[in-house]
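The values are calculated or read from the model by the stated rules, or taken from the named source; none is laboratory data. In this text the structure is predicted, and so the values were computed from the model without any measurement. Cβ atoms come from the backbone with ideal geometry, glycine included; neighbour counts cover every protein chain shown. Ligands, DNA and RNA are stripped out before the accessible areas are found, and what is left, the full protein with its side chains, is counted by its heavy atoms. Shrake-Rupley method; radii C 1.70, N 1.55, O 1.52, S 1.80 Å.
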Amino acid sequence: MIKIKTTIVITHKFNDTRIGILENGRLVEFYVEREGIENNVGKIFKGRVENIVKGLRGAFVNIGLRKNGFLPLAEIPEEIFGIDLEEEEKVKKGDKEELPINVGDQIFCQVVKEQMGDKGARLTSFIHLAGKYVVLFPTISRIGVSQRITNKRERARLKEIAKKLKKPNRGLIIRTAAENMPEEVIVRDYHYLEGIWEEIEREFQRAKAPRLLYKEPKLALKIIRDLYTLDTEAIYVDDRNLYYEICNYIKNYTPELFTKEKIILYEDKEPIFKKFKIEEELNKALEREIPLKSGGFITIDQTEALVTIDVNTGSFASEEDPETLIFQTNLEAAAEIARQIRLRDLSGLIIIDFIDMREPKNRERVYQELKLCLANDRAKADFGKPSRFGLVEMTREKIRPSLFFTLCEECPACKGRGRILDRYETCLKIENELTNKAERLKGKKILLVVSPYLYEYLINEYNEKLTQLIKKINIHLELKMNPKLKYDEYKFLEEI
């Protein structure tokens, strides 16, 4: 397996922080934090139950955001209702879903999915606090070790450390970064999280709902906490204040990882994102079509709940053996699709249409390549086997809006449909309006104001038909363009 070299590139301008994660020099993840736009995922609130919907098996909880969050009953630990967590397995799932919470109850809530559109935030009462090496679960009894740690002896060592640390009615998971770290470092991280939880509990007793009890560190520090290890190639920062803040954070929180040579203050004149070709990759990531080095290409179409990805051979047709050509294109596409899924933060149901292959071993090789290239993806994913139609279905955890919805806004012309009415069809609408009002408009002077896009078509392509219509219904028509109008927009003004 090729060793992955990770580089973290951070730019900060005008209260806007952007972070690119590069693996072997290529952009695979992108994050942005803008002042005034809060990221609520990970925040812990004291919420107040506003409404319980039995049909949805959940409650709507006021946590102080624009919309009430949704808390499934299955996401509420038994401890909240006086049931000992150690007896959790004795409680049937059906009973758990019908736990008697009441309107007006005040409850711990943590945001696990950002509010999107008309949907409020998704909540849980299974609180978790993430550290560098440990994730603390203060409301559920469990022990776990990251599945990415595969060495059996190391897993056993870490599990023993977890057992010694665990308190009654508490849980913890040992994170991947804890692999081969000394026990005292892991213990220190656990006690740090316990201290945070104790302060949260005290604030819960004092505060009146709705109330924010805890929020994650700012984006740059959170990325450093979650991704920076001794194997990281370097961290580049172009803002001096943020650079010192990151240095102090690592020195104080994880001193064992502090290596000054790896934390670099970038001071070149060339913008940092241009230097590392991040701007170029972001522009490509907003395109529908992504070219492959071989000459093939993939297309990505995205809706709110479904993503479809199609693979095509394109101009790559030099191979005499079609199966070899298709296999090579699919193999290259699998790696690029995995990168685009992470970079664009695609989620929900993802359907990938690889080019049909005859050989079962080739289909399996492409499928395994896709999974292998997504091995470093931090979002949870589940894969289905290739269907008899050659489709690969997968689901990926949705936590925040994708890159497309983060960096783009709805087109004012097409309203998110992706297409606008054909100019010929728009001209027919104009013709029909004039025809329907022919009796009332007869002999009058009419001003037709259109967009430049439509004006050009009316003058060059539709002029003859429009002239015939004007003569037929006997009106005087003046045509003007207004750059402020949308592509397919027009307005009639009578008696000019």
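Per-structure values
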item: Answer residue from segment 95-118, given it is exposed (fewer than 11 other Cβ atoms within 10 Å of the Cβ) and under 18 Å from the mean Cα position of the chain (by Cα) and is modelled with the highest pLDDT among those; result: 118
item: Subset tally (residues that are of a type in the set (Lys, Arg), open to solvent by 40 Å² or more (accessible area, probe 1.4 Å) and under 29 Å from residue 263 (Cβ atoms)) for segment 34-63; result: 1
item: Extreme residue, nearest to residue 167 (Cα to Cα), among residues of segment 121-131 that are open to solvent by less than 10 Å² (accessible area, probe 1.4 Å) and either part of a strand (DSSP E or B) or not β-branched (Val, Ile, Thr) (or both); result: 129
item: Subset of segment 314-343 that is over 15 Å from residue 297 (Cα atoms) and open to solvent by 20 Å² or more (accessible area, probe 1.4 Å) - its residue that is modelled with the highest pLDDT; result: 324
item: Failed item, numbered, when residue 8 is tested on (1) modelled with pLDDT under 95; (2) of a type in the set (A, V, I, L, M, F, W, C); (3) closer than 24 Å to residue 406 by Cα; result: (1)
item: Residue pairs meeting the criteria (Cβ under 9 Å; at least 6 apart or on separate chains; first closer than 20 Å to residue 148 by Cβ, in segment 379-396; second part of a loop (DSSP other than H, G, I, E, B) and β-branched (Val, Ile, Thr)); result: 379/399
item: Single unsatisfied condition, residue 277 versus (1) without any contact (Cβ under 8 Å) to a residue 24 or more places away in the chain; (2) within 27 Å of residue 403 (Cα to Cα); (3) surrounded by fewer than 18 Cβ atoms within 10 Å (Cβ to Cβ); result: (1)
item: Single residue of segment 1-33 satisfying the filter (open to solvent by 60 Å² or more (accessible area, probe 1.4 Å) and under 24 Å from residue 335 (Cα atoms)) that is nearest to the chain's Cα centre (by Cα); result: 26
item: Some residue of segment 72-92 being open to solvent by 40 Å² or more (accessible area, probe 1.4 Å), over 26 Å from residue 170 (Cα atoms) and at pLDDT 90 or above; result: no
item: Long-range neighbours under 8 Å by Cβ, at least six apart or interchain, first residue closer than 16 Å to residue 255 by Cα and touching a residue at least 60 places away in the same chain (Cβ under 8 Å) within segment 171-190, second assigned to a loop (DSSP other than H, G, I, E, B) and open to solvent by 60 Å² or more (accessible area, probe 1.4 Å); result: none
item: Selected residue (criterion: farthest from the chain's Cα centre (by Cα)) from residues of segment 37-78 that are among the charged types (D, E, K, R) and within 12 Å of residue 125 (Cα to Cα); result: 78
item: Condition broken by residue 249, with the remaining ones in (1) out of contact with any helix residue (DSSP H, G or I) (no Cβ under 6 Å at 6 or more places or on another chain); (2) closer than 29 Å to residue 274 by Cα satisfied; result: (1)
item: Test: residue in segment 32-46 that is closer than 30 Å to residue 274 by Cβ, outside any loop (DSSP other than H, G, I, E, B) and not charged (D, E, K, R); result: yes
item: Qualifying residue in segment 233-247 (condition: open to solvent by 70 Å² or more (accessible area, probe 1.4 Å), over 22 Å from the mean Cα position of the chain (by Cα) and among the hydrophobic types (A, V, I, L, M, F, W, C)); result: no
item: Counted residues, segment 294-309 - those being open to solvent by 50 Å² or more (accessible area, probe 1.4 Å), of a type outside the set (A, V, I, L, M, F, W, C) and at pLDDT 90 or above; result: 2
item: Among residues of segment 183-213, those that are open to solvent by less than 40 Å² (accessible area, probe 1.4 Å) and under 28 Å from residue 67 (Cβ atoms), counted; result: 8
item: Extreme residue, farthest from residue 9 (Cα to Cα), among residues of segment 280-291 that are surrounded by 15 or more Cβ atoms within 10 Å (Cβ to Cβ) and hydrophobic (A, V, I, L, M, F, W, C); result: 290
item: Test: residue in segment 372-389 that is under 29 Å from residue 408 (Cβ atoms) and either in contact with a Gly (Cβ under 7 Å, 6 or more places away or on another chain) or in a helix (DSSP H, G or I) (or both); result: yes
item: Close pairs (6 angstrom Cβ cut-off, 6 or more residues apart or separate chains): under 19 Å from residue 196 (Cβ atoms) and free of Cβ contacts under 8 Å to residues at least 40 places away in the same chain in segment 238-262, of a type in the set (Phe, Trp, Tyr) and surrounded by 13 or more Cβ atoms within 10 Å (Cβ to Cβ) anywhere; result: 250/258
item: Conditions (1) farther than 20 Å from residue 336 by Cβ; (2) within 27 Å of the chain's Cα centre (by Cα); number of the one not met by residue 358; result: (2)
